[in-house]
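Peer 1: What follows is a structure written as structure tokens; I'll ask about it next.
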Amino acid sequence: MREQAVWKRKIKQFFRNPLTVIAFLLFVFIVVICLCAPLLAQDNYNAVNVYQGLQPPSAAHFFGTDNLGRDMFSRVLYAGRITLGYSLIATLIAVISGTVLGVISGYFGGTVDAVIMRITEILSAIPYFLLVIVFEIMLGFGQGNFKYAMGVAAAPAIIHMVRAETLSVMSNEFIEAAKALGFSDIVIILRHVLNNILNSLILHTTSTYSDAMLTCSVLGYLGIGFQPPQADWGTLVASGYSALRVNPHLALIPCGLIMICVLSVNLIGNGLRDTLEGDKS
Amino acid sequence: MIILGTDMLKYILKRILMMIPVILMVILVVFLMLNSVSFGRGLHIHVFQGDLLDSVFRFLHIGDNWLGQYLRYSYNVFTKFDLGLASETNWKVSFEVSGRIIYTLRLTVYGLLAVILIGVPLGIVSAIHVNKWQDRVISVLSLFFSSIPNYCLATFLVFIFSLWLEILPPMGITSWVSYILPVAVISMEGIAQTVRMTRSIVLETLDKQFVTALRSKGISERNTIYKHVLRNSLVPIVSLLSQIATKVLCGTIIVETFFSIPGIGQYLIAAVRQRSYARILGSSVMIAALLMIIDIIADVLYLVINPAVRANVLNSSGKQAKTNA
């Protein structure tokens with residue numbers, strides 16, 4: 001009963017900031033539109049029609065056509081599915097593996113902790129972007145493997161965060177009490193440790209997600225993410241860039257979409273932080 | 001000068017020596033990952049047959065065990081600054097990279113300067129006028145610019161300044177004008193972050209008791225801020241420098257590719273596209289080493305401006321120095 005009331009209040013507080021609401025609605029709108037891509041697409045996104053290349057926006061093609069005459073609107077929708085979906089997968093990989101390893105490392109300590117920390121230290125000596133590229137090479141190009149690469153490369157930061165939070169939770173007396181009452185480690189971790197680090201975990205998830213979107217589109221832009229004819233928003237920017245003088249919207253529309261998505265996820269994160277941390281004080 | 005005395009030199013030397021194990025680790029990770037796929041090596045020498053193939057393999061140490069290869073590579077890196085042989089051109093990677101470092105360094109230094117000269121003052125303005133319109137505008141802008149991917153901003157800027165207004169070149173490096181767009185792109189995210197961090201640091205300082213004491217003594221607001229608050233905020237701001245420098249240097253990878261600047265980042269991306277094993281390994285090591293050097297410079301700068309930490313670090317043993325720095 002009381003739990004529900006707390007959540008209701010939190011949700012209400014979250015939607016009190018107009019900026020957060022706008023960001024939330026925009027992001028949901030873009031996600032829904034991308035999910036409904038098969039229904040909304042005006043044309044097959046890979047159908048080449050060279051005679052209709054580089055058309056300006058019209059009723060038949062909302063965003064015009066690209067240099068090979070492919071319908072840009074459908075391409076943007078399908079690319080959005082890839083950018084948003086793959087970043088989500090990468091984020092989930094990073095957050096889940098980071099939480100598991102971080103909690104184990106912080107809770108049990110000792111040799112396990114030492115081994116996990118050494119490995120994360122070695123991985124964090126290499127810049128994030130470089131690590132993604134190297135992982136991607138290892139896993140193989142062009143099959144969308146970079147989602148795993150992004151996930152693994154983002155994990156060390158989360159492991160560090162979760163471990164530090166776990167250690168600070170572990171110093172509380174209720175953990176000692178739970179141990180004294182004879183609860184098993186798994187119960188303590190699930191019920192007490194995870195509950196207490198949930199706030200910072202949620203915040204890190206949003207920032208990891210916006211980072212993953214950036215990285216995903218950058219890889220696509222550099223031509224080392226998805227290989228044609230599949231496309232994500234970064235690839236679309238890269239291919240539209242060559243027609244920047246004739247048809248600037250080809251590059252600028254996917255650019256704008258990435259910006260809106262990253263910005264709104266950041267704003268949602270800010271709103272969450274205000275809600276969750278305001279609750280604490 | 002006391003600042004650059006023997007203690008300081010010792011400290012710098014210690015930090016440089018501590019780079020070696022980290023670089024070894026970086027080489028190991030990149031090496032193992034690249035080793036697990038065997039593209040590139042031997043791909044270009046399939047034309048050879050029989051004995052010739054064997055001798056070429058022996059010359060390039062193909063088929064040796066990976067530990068031997070790793071040890072030989074690391075040995076060559078540290079003793080001869082030899083980053084391997086690019087199989088496409090048969091040139092040494094260190095030779096190919098050496099001409100490119102200067103562009104990357106220039107971009108990084110200009111970018112950092114822009115971050116410091118624009119980000120810090122804006123953050124201070126934002127903190128002094130907290131919750132007024134100046135603060136609101138700066139906060140919204142900094143959130144906005146920190147959310148734009150580098151290459152999206154670059155596309156917009158090229159569209160506006162190169163194609164529409166036609167005042168700045170869209171790519172390449174010819175004169176100082178060519179640096180304006182890349183540096184703007186590279187520093188934007190750093191500026192946005194610095195503004196936010198400087199704002200919170202200055203706000204924290206303004207909250208301290210000595211500021212209240214100064215104000216109650218009747219010292220003018222201008223004097224309080226410029227003479228006391230800023231000097232006290234400087235130390236934490238400088239401690240953020242290495243973090244920002246890392247961001248800027250990583251940004252060069254994308255920006256160099258976008259603006260066709262012949263730096264290390266562009267070299268790395270080209271190598272990845274060509275699946276060129278030695279080049280990827282070599283340029284990764286170079287970038288990691290550059291990052292560490294920048295980190296050392298930032299830490300030394302931090303010690304120079306902060307006498308308290310300096311005394312603590314320079315007079316203590318090596319282990320403590322590491323944790324403090």
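Peer 1: Using Cβ-Cβ distances only, list the Cys residues of the protein assembly as shown with no partner cysteine under 4.7 Å, sorted by number.
Peer 2: A:Cys34, A:Cys36, A:Cys216, A:Cys261, B:Cys250, each lacking another Cys Cβ under 4.7 Å.
Peer 1: Please compute the length gained on full extension between A:Leu68 and A:Val6, using 0.36 nm multiplied by the number of residues separating them and subtracting their Cα-Cα distance. Each step should come with its number before you reach the end.
Peer 2: Numbers: separation 62, 0.36 × 62 = 22.32 nm, distance 5.44 nm.
Result: 16.9 nm gained on full extension.
Peer 1: Further question: Let me see the P(r) profile for chain A: every Cα-Cα distance counted, bins of 5 Å, each bin given as a percent of all pairs.
Peer 2: Calculated over all Cα pairs of chain A, the distribution is 1, 6, 11, 13, 14, 14, 12, 10, 8, 5, 3, 2, 1, 0, 0, 0 percent.
Peer 1: Tell me the net charge near A:His192. Cut-off is 14 Å between Cβ atoms, A:His192 excluded, with +1 for each Lys or Arg and -1 for each Asp or Glu.
Peer 2: Details: positive: A:Lys179, A:Arg191; negative: A:Glu165, A:Glu173, A:Glu176, A:Asp185.
That sum, taken over residues with Cβ under 14 Å, equals -2.
Peer 1: If you don't mind, another one. If amide hydrogens are placed 1.01 Å from N in the peptide plane, which non-local residues have theirs closer than 5 Å to the one on A:Asp71?
Peer 2: Result for A:Asp71 returns A:Ala47.
Peer 1: Based on DSSP H runs of at least 4 residues, each adding -39500 (n - 2.57), what is the mean residue ellipticity at 222 nm of chain B after dividing by all its residues, to the nearest 500 deg cm²/dmol? Working shown, then result.
Peer 2: Values: 16 runs with 226 residues, N = 325.
Taken over chain B, the calculation gives -22500 deg cm²/dmol.
Peer 1: Continuing with the same structure: If packing is taken as the average number of other Cβ atoms within 10 Å across a peptide's residues, how do B:290-299, B:81-90, A:71-80 rank, most packed first? Don't skip to the answer; put the middle values down first.
Peer 2: Values: B:290-299: 19.2, B:81-90: 16.5, A:71-80: 24.1.
My ranking of the peptides, most packed first, is A:71-80, B:290-299, B:81-90.
Peer 1: Mind listing the phi-derived Karplus ³J(HN,Hα) values for segment A:251-266, rounded to whole Hz, using 6.51, -1.76 and 1.60 with θ = phi - 60°, and x for any glycine or proline?
Peer 2: Once rounded to whole Hz, the list reads 8, 6, 5, x, 4, x, 5, 4, 4, 4, 5, 5, 4, 6, 5, 4.
Peer 1: I would also like to ask the following. Rounded, prolate or oblate: pick one for the protein assembly as shown, where a ≥ b ≥ c are the square roots of the eigenvalues of its C-alpha gyration tensor, a/c under 1.5 means rounded, and failing that, prolate if a/b is larger than b/c, else oblate. Can you show the working numbers first?
Peer 2: Working: a/c = 1.31, a/b = 1.10, b/c = 1.19.
Cα axes put the protein assembly as shown in the rounded bin.
Peer 1: Between rounded, prolate and oblate, where does chain B land on the alpha carbon gyration tensor, with a ≥ b ≥ c its root eigenvalues, rounded for a/c under 1.5, else prolate if a/b exceeds b/c?
Peer 2: Numbers: a/c = 3.17, a/b = 1.61, b/c = 1.97.
In terms of gyration-tensor shape, oblate.
Peer 1: Run the simple label-point estimate for B:Arg136 and A:Leu92 please: 7 Å along Cα→C-beta, distance reported in nm.
Peer 2: Distance between label points: 4.1 nm.
Peer 1: Taking H placed 1.01 Å from N in the peptide plane, check which residues at least 5 places from B:Val130 or on another chain put their amide H under 5 Å from its amide H.
Peer 2: Long-range HN contacts for B:Val130: none found.
Peer 1: Here's something else I'd like to know. Using a 1.4 Å probe on protein heavy atoms only, how many Å² of accessible area do A and B hide from each other, summed over both chains and rounded to 100? List each step's numbers first, then the result.
Peer 2: Working: alone 14920 and 18310 Å², together 29710 Å².
Chains A and B together bury roughly 3500 Å² of accessible area.
Peer 1: Still on this structure, I have one more. Would you mind computing, in nm to one decimal, how far apart the modelled labels at B:Ala213 and B:His129 are, each placed 7 Å from Cα along Cα→Cβ?
Peer 2: Here the answer is 3.1 nm between the modelled labels.
Peer 1: Still on this model: What nm value, rounded to one decimal, do you get for the distance between A:Phe183 and B:Leu24 when each label is placed 7 Å out toward the C-beta?
Peer 2: According to this spin-label approximation, the distance is 4.4 nm.
Peer 1: In segment A:114-136, which residues become less accessible by 20 Å² or more once every protein chain is in place, relative to the chain on its own, using a 1.4 Å probe?
Peer 2: For segment A:114-136, once contacts with the other chains are taken into account, A:Ile122, A:Ala125, A:Ile126, A:Pro127, A:Phe129, A:Leu130, A:Ile133, A:Val134 lose 20 Å² or more.
Peer 1: Give, as a single signed number, the net charge of other residues whose beta carbon lies under 14 Å from the beta carbon of B:Leu230, with Lys and Arg counted +1 and Asp and Glu -1.
Peer 2: Details: positive: B:Arg199, B:Lys208, B:Arg222, B:Lys227, B:Arg231; negative: B:Glu204, B:Glu221.
With Lys, Arg at +1 and Asp, Glu at -1, the neighbours total +3.
Peer 1: Search the structure for amide H atoms under 5 Å from the amide H of B:Leu85, placed 1.01 Å from N in the peptide plane, and list their residues when 5 or more places away or on another chain.
Peer 2: Residues meeting the criterion, in which the H sits 1.01 Å from N, are B:Val93.
Peer 1: Just to confirm a number: summing +1 for Lys and Arg and -1 for Asp and Glu over residues other than A:Leu267 whose beta-carbon lies under 12 angstrom from that of A:Leu267, what do you get? Before the final figure, lay out each step's value.
Peer 2: Numbers: positive: A:Arg273; negative: A:Asp274.
That works out to 0.
Peer 1: Estimate the FRET efficiency between B:Thr79 and B:Leu9 by the formula 1/(1 + (r/R0)^6), using the beta-carbon distance for r and 22 Å for R0, to the nearest 0.05. Please report the intermediate quantities before stating the final value.
Peer 2: Numbers: r = 24 Å, r/R0 = 1.07.
My answer for the efficiency is 0.40.
Peer 1: Per DSSP helix of 4 or more residues, -39500 (n - 2.57); summed, then divided by the residues of chain A. What does that give at 222 nm, rounded to the nearest 500?
Peer 2: Details: 12 runs with 206 residues, N = 281.
Dividing the helical sum by the residues of chain A leaves -24500 deg cm²/dmol.
Peer 1: For segment B:70-78, take each phi angle, set θ = phi - 60°, evaluate the Karplus expression 6.51 cos²θ - 1.76 cosθ + 1.60, and give the result in whole Hz per residue in order, putting x for glycine and proline.
Peer 2: Rounded to whole hertz, the list is 4, 5, 5, 4, 4, 4, 5, 4, 7.
Peer 1: Need the full-extension length gain, B:Trp176 to B:Leu113, defined as separation in residues times 0.36 nm minus the C-alpha distance. One decimal, nm. Could the numbers behind the result be given before it?
Peer 2: Details: separation 63, 0.36 × 63 = 22.68 nm, distance 1.50 nm.
Computed gain between B:Trp176 and B:Leu113 is 21.2 nm.
Peer 1: List the aspartates and glutamates whose Cα lies under 20 Å from the Cα of A:Lys10, skipping any in the same chain that are fewer than 8 positions away.
Peer 2: A:Asp274, A:Glu277, A:Asp279
Peer 1: Rounded, prolate or oblate: which fits segment B:199-325, taking a ≥ b ≥ c as square roots of the Cα gyration tensor eigenvalues, rounded meaning a/c under 1.5, else prolate when a/b beats b/c? Display every interim value, and only then the final one.
Peer 2: Values: a/c = 4.70, a/b = 2.05, b/c = 2.30.
Oblate shape, in that a/c is at least 1.5 and b/c is the bigger or equal ratio.
Peer 1: Now a separate question. Would you work out what percent of the accessible area of the protein assembly as shown, with all protein chains in place, is carbon or sulfur (probe 1.4 Å)?
Peer 2: Details: 19350 of 29710 Å².
About 65 percent, which is the carbon plus sulfur part of the accessible surface.
The values are calculated or read from the model by the stated rules, or taken from the named source; none is laboratory data. Every value quoted in this text rests on a predicted model; they were computed, and no experiment measured them. Cβ coordinates were reconstructed from backbone atoms using ideal geometry, including for glycine residues, and neighbour counts include every protein chain displayed. Calculation scope for accessible area: heavy atoms of the full protein, side chains included, ligands and nucleic acids excluded. Shrake-Rupley method; radii C 1.70, N 1.55, O 1.52, S 1.80 Å.
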